[in-house]
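Asks: Could you have a look at this structure, given as structure tokens, before my questions?
The values are calculated or read from the model by the stated rules, or taken from the named source; none is laboratory data. These numbers come from a predicted model, not from an experiment. Cβ placement follows ideal geometry from the backbone for every residue including glycine, while neighbour counts extend to all protein chains displayed. Heavy atoms of the whole protein, side chains included, go into the accessibility calculation; ligands, DNA and RNA do not. Shrake-Rupley method; radii C 1.70, N 1.55, O 1.52, S 1.80 Å.
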Amino acid sequence: MSSTKRSAGSANGARQVRSGTHGAEKIFIALAASLMMQGAIVSATAQTVDETLIAYAVNIHQTPMQTWGPGQGIYLGHGNFLTAAHVAGRTWFTRPKVSIGDREYPTRVVKEGRLEATDLTLLAVEENLLPLRLRLRRMRLCDAPPRPGQEVVTVTTEAAVRSRIIAPERIPLGARRFNTAIVDVAKTGNSGSGVFEVKQRCLLGIMSRKISQKRTNLVTRKEETHDVAKYFVPAAEIAAFVPPGTFDPR
């Protein structure tokens, strides 16, 4: 009898252990699912917030349209649009227009830079001609300088893509003067795109050019060019370039 009781007790204990194990597994699975869901929500929220910045992005068309396709620009507010100087070109000749949706707007050149100096051009459109959704917007310029490892968002009319600022020592020696640059060359916005600080949602810079490096292919022994980073004109240079009053007082 005692043997039978011990056997029954042992069986009950085993069932309790298995039951407890299954319970722990269920808790672990539920916790993992909850964490995954929270991660997905955070990711989706970040993506949604990033995508709100796309409203500031416009296309820049030369006259006639440049053969390499439309360039990019960013709306600052009060009818002002900022782009890279080489995107707008020599404005007296290219007569750049701002393109929003399927409509082009003639521009007035407020200030024109140069690719090898300050690669920025500030254009203006009569504010009352712009869509209301744009007229209500104001862009803020970042106060803090960009720092290595900082997460940023590059914005075009088609997408907002996250990237990080590269450390200056990773830039090839011959291009070290372009010391504000991001990685992810293939996926991020091209010239004239806006570079935004992730947390403050302020304008950190305007995309200017690719930074490339020559390397020898170990198989073919031929020299090849590789894109390693993208330089952007930082907020401090933008602030020095644009006329006073372009940005609203903070």
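Asks: Kindly provide the GluC sites (Glu not before Pro) of region 149-201 that DSSP labels as loop, not H, G, I, E or B, and whose Cβ sees at most 16 other Cβ atoms within 10 Å. Walk me through the numbers before you get to the answer.
Replies: Numbers: sites: Glu151, Glu158, Glu169, Glu197; in loops: Glu158.
Of the GluC sites (Glu not before Pro), the ones in loops of region 149-201 whose Cβ has at most 16 other Cβ atoms within 10 Å are Glu158.
Asks: Let me ask another. Using a 1.4 Å probe on the protein heavy atoms, what percent of the accessible area of region 163-239 belongs to carbon and sulfur?
Replies: Numbers: 1930 of 4020 Å².
Carbon with sulfur: 48 percent of the solvent-accessible area.
Asks: In nm, to one decimal, how far is the Arg176 label point from the Lys222 one, both placed 7 Å along Cα→Cβ?
Replies: The modelled label-to-label distance comes out at 3.2 nm.
Asks: Scan region 77-116 for chymotrypsin sites (Phe, Trp or Tyr not before Pro) in coil per DSSP, keeping those whose Cβ has at most 14 other Cβ atoms within 10 Å, and list them by number. Can you show the working numbers first?
Replies: Numbers: sites: Phe81, Trp92, Phe93; in loops: none.
Qualifying residues, ordered by number: none.
Asks: Keeping all protein chains in place, calculate the accessible area per residue for region 107-250 (probe 1.4 angstrom), answer in Å².
Replies: Values: 7860 Å² over 144 residues.
Value for region 107-250: 55 Å² per residue.
Asks: May I pose another question? Quick one: which residues, 5 or more positions from Leu141 or on another chain, have an amide H under 5 Å from its amide H? H modelled 1.01 Å from N in the peptide plane, none for Pro or chain starts.
Replies: HN-HN under 5 Å from Leu141: Leu203.
Asks: For Glu126 and Glu51, what is the calculated FRET efficiency with R₀ set at 22 Å and r taken between the beta-carbons, to the nearest 0.05? Walk me through the numbers before you get to the answer.
Replies: Details: r = 28 Å, r/R0 = 1.27.
So the FRET efficiency works out to roughly 0.20.
Asks: Taking 0.36 nm per intervening residue step and subtracting the Cα-Cα distance, what contour gain separates Arg133 from Glu151 on full extension?
Replies: Values: separation 18, 0.36 × 18 = 6.48 nm, distance 2.77 nm.
Here the answer is 3.7 nm.
Asks: Please enumerate, by chain and number, the aspartates and glutamates with C-alpha under 14 Å from the C-alpha of Lys214, excluding those fewer than 8 residues away in the same chain.
Replies: Within reach: Glu223, Glu224, Asp227.
Asks: Can you order the peptides 83-90, 104-111, 212-219 by their average number of other Cβ atoms within 10 Å per residue, highest first? Provide the component values of the computation, followed by the final result.
Replies: On the way: 83-90: 23.6, 104-111: 16.1, 212-219: 10.5.
Ranking, from highest mean packing down: 83-90, 104-111, 212-219.
Asks: Points 7 angstrom from Cα along the Cβ direction at Lys187 and His78: gap in nanometres?
Replies: Result for the modelled spin labels: 3.7 nm.
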